[in-house]
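Inspection log for the structure reproduced underneath, given as structure tokens.
The values are calculated or read from the model by the stated rules, or taken from the named source; none is laboratory data. A quick note: this is a predicted structure, and the numbers were derived from the prediction, not measured. As a convention, Cβ positions derive from the backbone with ideal geometry for all residues, glycine included, and neighbour counts pool all protein chains shown. Just so you know, the surface numbers come from the protein's heavy atoms only, side chains and all, with ligands and any DNA or RNA stripped out. Shrake-Rupley method; radii C 1.70, N 1.55, O 1.52, S 1.80 Å.
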Amino acid sequence: MCIVSLDKRKDTGVPDQVPDITFPLNLCLGGMCPHHPPVALGLECDLAQHLAGQHLAKALVVKALKAFVWNPAPTKPLVLSLHGWTGTGKSYVSSLLAHYLFQGGLRSPRVHHFSPVIHFPHPSHIKRYKKDLKSWVQGNLTACGRSLFLFDEMDKMPPGLMEVLRPFLGSSWVVYGTNYRKAIFIFISNTGGEQINQVALEAWRSRRDREEILLQELEPVITRAVLDNPLHGFSRSGIMEERLLDAVVPFFPLQRHHVRHCVFNELAQLGLEPRDEVVQAVLDSTTFFPEYEQLFSSNGCKTVASRIAFFL
């Protein structure tokens, strides 16, 4: 039975002050590098309670994190790549990981959140971005090896930028004089979402439970979608080709009952009893696709909170 819960409205979004990556931090919080606390039970419970419709993501993330944090001497950083349609839980899972690994969650000085729109808006500045990103990662890992680097919207990252991360992601013991094996890198992308949706749709049409869909069916099509996209952040980086990812984590499109689950969760976070008319109004205002089946939510659960506020 899960007894640990987390207000999912905390530690979400981009911090109020996004770090300037040209000036790396030199000190760990309190002068000491923090140790990851026991995370498996709380994380597993929160995923079970709040992450709707994502059996593979739950299993992959928990398994990878358990193996990593319980290993006193990992041979490489933990590298996860999250793929799927908008509103399916990718950012939520990332915020949970930050919450359970670091005091302050996404606002911890040990968590570094990068957005292409904020940090890398001009493709013509790619040389400077590469230099700054390498300096930022190297500087912070020198200060504290237990750090989380989160890269959002990988499908909007300047191609070639991630190439500077390749030496940090492998199994070498030391890179640039830095012990970096206890770091975590998470990449978030919508790329592969259409392919995941298609697999889920075909399973539904063949009366096959989505929980029966295996990673082996999805990983090749996601990988191909990334490699075939010259505008993806992994393009010209060698990260996927050299198999530096520990897990490709697929997120499925959400069906009506999953959105209903999100509505109940959000109402509970607000301290409100579920009201049938509010739940139904949110569902009725949600757009579903494909055109004839009306099976999957176009925005997942992304707009549930704002829709609830409108109908209360």
Between the alpha carbon centres of segment 217-246 and segment 133-187 the gap in Å comes to 17
Counting only protein heavy atoms with a 1.4 Å probe and every protein chain in place, the carbon and sulfur fraction of the accessible surface of segment 256-311 in whole percent equals 53
The size of the Cβ-based charge dipole (Lys, Arg +1; Asp, Glu -1) of the chain about the Cα centre, to the nearest 20 debye, is 980
Of Leu272, Leu254, Leu165, the most mobile residue in a GNM of the chain (C-alpha springs, cutoff 10 Å) is Leu272
Across Leu78, Leu101, Leu65, the residue with the highest GNM fluctuation in the chain (Cα network, 10 Å cutoff) is Leu65
In deg cm²/dmol, rounded to the nearest 500, the helical mean residue ellipticity at 222 nm of the chain, built from -39500 (n - 2.57) for every DSSP H run of length 4 or more, is -11500 deg cm²/dmol
Expressed in square angstrom to the nearest 10, the accessible area of Asp276 with a 1.4 Å probe stands at 130
To the nearest Å², the heavy-atom accessible area per residue of the chain with 1.4 Å probe amounts to 48
GNM on the chain, Cα springs under 10 Å; top mean-square fluctuation among Pro274, Pro121, Pro72 goes to Pro72
Per residue, the convex hull enclosing the Cα atoms of segment 256-311 spans a volume in Å³ of 67
In vacuo Debye sum over C-alpha of the chain, base-10 log of normalised intensity I(q)/I(0) at q = 0.11, 0.14 Å⁻¹, listed in q order, is -0.70, -1.12
